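Scroll down for the structure; my scribbles are underneath it.
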Amino acid sequence: MFTQHLSDDPGKNQSLWQRSPHNPLIPARAQDWCKDFLANSMILEIDGSLIMYVEGSTDSTEQIGAFTCPLADIEKGEWTAHPSNPILRVSEGSFDSGSVFDPSVVRFGDEYRMYYSATKGDPHDQAKLLSDRVHDDLPTSSNEQTIGAAIAEDPFRFTKLGREPVMEGRCPHVVQHEGTLYMFFVKVEDEGYRIYLAISEDGVDFHEVNDGPILTVSAPGEWDSQTVTTPQVIKDDGYFCMLYAGDDRSLDDPSGIGLAVSEDLVHWNKIDGNPIFVTGPPGQFDSATIACPILREFNGKYYLWYAGSDRSIRDGLHSQVGMAILEPSKG
């Protein structure tokens, strides 16, 4: 179990990780559609290869692409762009006419389902406004906080499900468990994100679980006292692990990665040794923010992919994909 390699000391946990010498693995400007920034959102393993679904931005328009890497080559950090990128684009005159981003892909029955964030405008406007504490002008309508869905038989060719969103919220991460889809997503509350949960039996009609968030911020003074966001959930030896990004100052410029555990996907407890991973030193590509943590175990090692930026959103986000490795035998 992943947690058995961690302690109650955040500093010790952070020291377990070795950043890849190939960082950033996938840089901004990897292709024209993501020349401003690029961030990972989801990884699938299919037929000995990894598919990384990413969001990329050019001129304030975010769209969704995919990169692949043979499982045997993950430490080399050589990811290949899919020739059809971006594989999911904005739609004129729809709820997702401004940007599509935060893709989460899950196998459901005989199909792949993609759930994604969508806006009619610039998706970072809200974060900029909140960072400046301009409360009266916050774009809190459903037009700026929606989740869309798309389906495919091929994991690279998705067709959107209609012209209406399936949920209000942002940053979905979907897990299939015993025939039910569990969607973790975020909403704004008190100038920060909180993580919520909705479930669905058919992949279209979702209803929220509980009357509030299933993971919220910590007490004032803690590293994640302002915001918790970009949840990613894996099953690990009978338990579920949620990695999430957090910060004590702003809505959408996370400074650390935390871990929470659950037995039922509904009730979550943060571990005492958070944050387990933090921003890099000055001058590095991930020195300002880190988010979108994706954890996988292969051949006894734990691989953490993440989006790192050397600039905040207000300074012009410049996120790129990085990787860190935890090798228990060396911990």
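The values are calculated or read from the model by the stated rules, or taken from the named source; none is laboratory data. The structure presented is a predicted model; accordingly, all values stated were derived computationally and were not measured. Positions of Cβ are generated from backbone atoms using ideal geometry, with glycine treated the same way; all protein chains shown enter the neighbour counts.
Residues of segment 92-121 being in contact (Cβ under 8 Å) with a residue 40 or more places away in the chain, in a loop (DSSP other than H, G, I, E, B) and either in contact with a Ser or Thr (Cβ under 6 Å, 6 or more places away or on another chain) or under 19 Å from Cys34 (Cβ atoms) (or both), which ones?
Selection gives Phe95, Asp96.
Looking at segment 1-56, which of the residues that are in contact with a strand residue (DSSP E or B) (Cβ under 6 Å, 6 or more places away or on another chain) and among the basic types (Lys, Arg) is modelled with the lowest pLDDT?
Lys35
Among Ser262, Ser319, Ser309, which is of a type in the set (S, T, N, Q), over 27 Å from Asp73 (Cα atoms), crowded, with 16+ Cβ neighbours inside 10 Å and modelled with pLDDT of 95 or more?
Values: Ser319 fails: over 27 Å from Asp73 (Cα atoms); Ser309 fails: over 27 Å from Asp73 (Cα atoms).
Ser262 is the lone residue from the list that is of a type in the set (S, T, N, Q), over 27 Å from Asp73 (Cα atoms), crowded, with 16+ Cβ neighbours inside 10 Å and modelled with pLDDT of 95 or more.
Considering Asn23, Asn13, which residue is touching a residue at least 60 places away in the same chain (Cβ under 8 Å), buried (at least 20 other Cβ atoms within 10 Å of the Cβ), of a type outside the set (Asp, Glu) and in a helix (DSSP H, G or I)?
From the options Asn23, Asn13, the qualifying one is Asn13.
In the set Ser250, Ser225, which member is in contact with a helix residue (DSSP H, G or I) (Cβ under 6 Å, 6 or more places away or on another chain), among the polar types (S, T, N, Q) and closer than 27 Å to Arg311 by Cβ?
Values: Ser225 fails: in contact with a helix residue (DSSP H, G or I) (Cβ under 6 Å, 6 or more places away or on another chain).
Only one candidate passes the filter, namely Ser250.
Could you please find all residues in segment 18-52 being farther than 24 Å from Ile276 by Cα and either hydroxyl-bearing (Ser, Thr, Tyr) or touching a Gly at 6+ places or on another chain (Cβ under 9 Å) (or both)?
Ala28, Ala30, Gln31, Trp33, Cys34, Lys35, Asp36, Phe37, Ser49, listed by residue number.
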